[in-house]
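Below: one structure, written as structure tokens.
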Amino acid sequence: MSSVKKTYRIVPVRDLKLRKIAIFIFIIISFVGLISFFWVPDLSLSIPFLYMIYVFITLYTFRFAKNDIFSPLSFFIFFSFFGFSLKLLFLSISLYEPFFAKGYHYNFQYNGSTISLAFAVFLIGYVSFIIGFNAVKKGLKLKIYERLAHPFMLTMLSVILIIASFYFRSRYLVGIPGYNVALIEHAGYLYYPLLYGAIIVTDLAYYTALVRNSRFYTIAGLLLFVLSALLEALLGWKGGSAIAILLILLIYYYVNQYKQHVRRVISKYIITILLILIFLFVLLYPVVTNYRYAVIISGDKADLSNFSILLREYKDVQSFDFSKTLLGVFGRFSGLDNLVGIVSYNQQGISGHLASPPSFFLNLFGMGIQPEQFYTWYILGVDPNIITTSAPTGWGALYIYGGIIGVMIGMLLIGMLSKLLYLTFLTNILRDGRWIIFYAIFMIKIFWPVVFEGTIVNYGTKHFISLLVIYSLFIIMLNILHQRLYAK
């Protein structure tokens, strides 16, 4: 058996246990969901039917998928469950209002039939992704061997890049909600290298500490993630802590699985930092929401003093509404409610800004704006002068570009490309564990925004190319540095 198949087909016992637990929970929730449909008045009969199809497809894929819990397929199934399956239940039984129900002047009408149609579009993309993912059987083999720098150097460089990235972005208004034009020309030439340079070096520092089983440098690496998450909050982004949590988990999982058994005492520190980051995420979510609108979008400066003013408003624990925060987080799982608006808008014949019949390439090159802008301005009715966008999801973006055919082909290609990268990662991980860093960043910073936020053009081109180029440069520099030190 080849090394590719051998690596790919080995499913750890822990994963098998998690798989069984996930299947059991999924079955229970699905059963409750099906039962709940009986209490929904005037329910479209197609909704329970489509939901059952989704359940059977998911269970079949769960049962026979031969990949780990952090594979693109596992991510895809997990977040689709939150974004589409659960939201179908909430939308159907009217316990959850779509996020556009208040505060938006949306230009469409929706009901049970349009919800059913939107879920059918989701299912088409869902199946297309799974087919594309399973179609690829082999990754690329690269003859690059691992060369690591000392964790102290990586930690210091990470601190410098994190602070430099924060200063540049806050000083020149780059990569901040509410601003799409930087204060200096060609800011992206510095923004992307600083952004991905900081992420890559932070991950490298953490990875190197885990491989060395160093308690001190592991703690230092974890604190770098906390620093990065806090600075992201100061810039007005709510997902900094969530991104840090996922990166820490992915790197720890693959290091422990393929490279080095991490000592239990180090694992305890990792769990502690993860709990702190979860607490920060829940605590800061409503704060950053108000900070984002009251300070940044109003044109004020994003800095520590303005952030601390809003933070003091939440110093009284009794004023903190945990349930409201959870609903807000759940609403951020871009999914069916976003797709309902796009499908409704298109079906009601008011998509005058798109090619008719839907043409992927005419819409891609002829709209002049990206799908998330089209969705926010024309469908949700947000004033284009307000620089903000809502996530149309990958399904919605592809539907805007090319209708049902666009969803089918787009999700099929995304599934194939993500499987190719996944198998390439597994093929090379024993030879060069630094692939863990590239794969982890790809999953969190590229795969998630493209598939579930729908920023296909921006993240599929600029961000992915930036990640590939900056990562390659760091690998080349580390290899050259190692050769020179070894030669001496």
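Computed values, structure above
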| item | result |
| --- | --- |
| Given K17/K143; K141/K445; K87/K138; K20/K138; K87/K141, the pairs whose alpha carbons are separated by over 30 Å | K17/K143; K87/K138; K87/K141 |
| Whole-Å distance, taken between Cα centres, linking the stretch 424-462 and the stretch 198-214 | 17 Å |
| Modelled label reach - Q348, point 7 Å along Cα→Cβ, the stretch 387-426 residues with backbone N closer than 11 Å | none |
| Only Lys, Arg (+1) and Asp, Glu (-1) charged, at Cβ; the stretch 398-488 dipole about Cα centre in debye | 380 debye |
| Cα centre as origin, Lys/Arg/Asp/Glu Cβ charges: the stretch 90-231 dipole, Debye | 540 debye |
| Estimated vicinal HN-Hα couplings, Hz - the stretch 70-75 in sequence order (Karplus 6.51, -1.76, 1.60; Gly, Pro = x) | 10, 6, x, 5, 5, 4 |
| Only Lys, Arg (+1) and Asp, Glu (-1) charged, at Cβ; the stretch 151-293 dipole about Cα centre in debye | 460 debye |
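Just so you know, all these numbers are worked out from the coordinates, no wet-lab data involved. All values reported here derive from a predicted model rather than from experimental measurement. Backbone-built Cβ (ideal geometry, glycine too); neighbour counts: all protein chains shown.
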